[in-house]
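Notes follow once the structure below has been shown.
The values are calculated or read from the model by the stated rules, or taken from the named source; none is laboratory data. Every value quoted in this text rests on a predicted model; they were computed, and no experiment measured them. A quick note on method: Cβ atoms are made from the backbone with ideal geometry, for glycine too, and the neighbour counts reach across all protein chains shown. Heads up: the accessible areas ignore ligands, DNA and RNA and are worked out on the full protein's heavy atoms, side chains in. Shrake-Rupley method; radii C 1.70, N 1.55, O 1.52, S 1.80 Å.
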Amino acid sequence: MLLAARALTHLADVLPSSCVAIVHYGAASCFCERLLTIEYIDLAEQSLQALEKLSQEHPAACLRPGGLMAVLSYLDFFATGVQRVAVTTAANMCRQLPPDAADMVVDCVPILTNLLTYQDAK
């Protein structure tokens, strides 16, 4: 699983046009599942990196399978650098919210509001 996640992340990084296929074949929902049920920290961190890449061009595709809650749920569990990736991913997903997104974001507002109290300026 970890190697597959790395391969998809590298593919999205090196060949951004591949993100369409990665999203089409359901990788975003798989990455979200890995974040909501963390079994391996390396896989969770790789899933965050992959979602960050995908969310740059396909924010709605990352948001629909519960991506916002997935990237924010275990935020305190990760190191500061990984937390920044998670919050950047969340910001990307919120950038182009579809009109029907209220149900997908309302539970995350308290988490996002709490982030305003963090000492990290970013």
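Hey, quick one: spin label on Ala4, modelled 7 Å out along Cα-Cβ, who in segment 37-57 has an amide N within reach, i.e. under 13 Å? Residues passing the 13 Å test: none. Computed with every protein chain present, the accessible area of Met93 is close to 0 Å² [probe 1.4 Å]. Cα centroids of segment 1-23 and segment 35-61: 11 Å apart.
Rounded to the nearest 500, the helix-only mean residue ellipticity at 222 nm of the chain stands at -19500 deg cm²/dmol, with each DSSP H run of n ≥ 4 adding -39,500 (n - 2.57). Annotation: extensible slack from Arg95 through Val14 equals 26.8 nm (criterion: 0.36 nm per residue apart, minus Cα-Cα distance). Take His24: with every protein chain present and a 1.4 Å probe, its accessible area is about 130 Å². In the context of the full set of protein chains, residues of the chain present 57 Å² of accessible surface per residue (probe radius 1.4 Å, heavy atoms only). Over segment 1-97, calculate the relative contact order: mean separation of alpha carbon pairs under 8 Å at least 6 apart, over the residue count, as a percent. Normalised by residue count, the contact order of segment 1-97 is 30 percent.
Taking the 1.4 Å solvent-accessible surface of the chain as the whole, the part contributed by carbon and sulfur is 59%. The GluC sites (Glu not before Pro) of segment 1-80 meeting both criteria, a DSSP state outside H, G, I, E and B (loop) and at most 13 other C-beta atoms within 10 angstrom of the site's C-beta, are Glu39. When the Cα positions of Ser17, Leu63, Cys32 are compared along the charge dipole of the chain, Ser17 comes out farthest toward the positive end, with charges on each C-beta of Lys, Arg, Asp and Glu.
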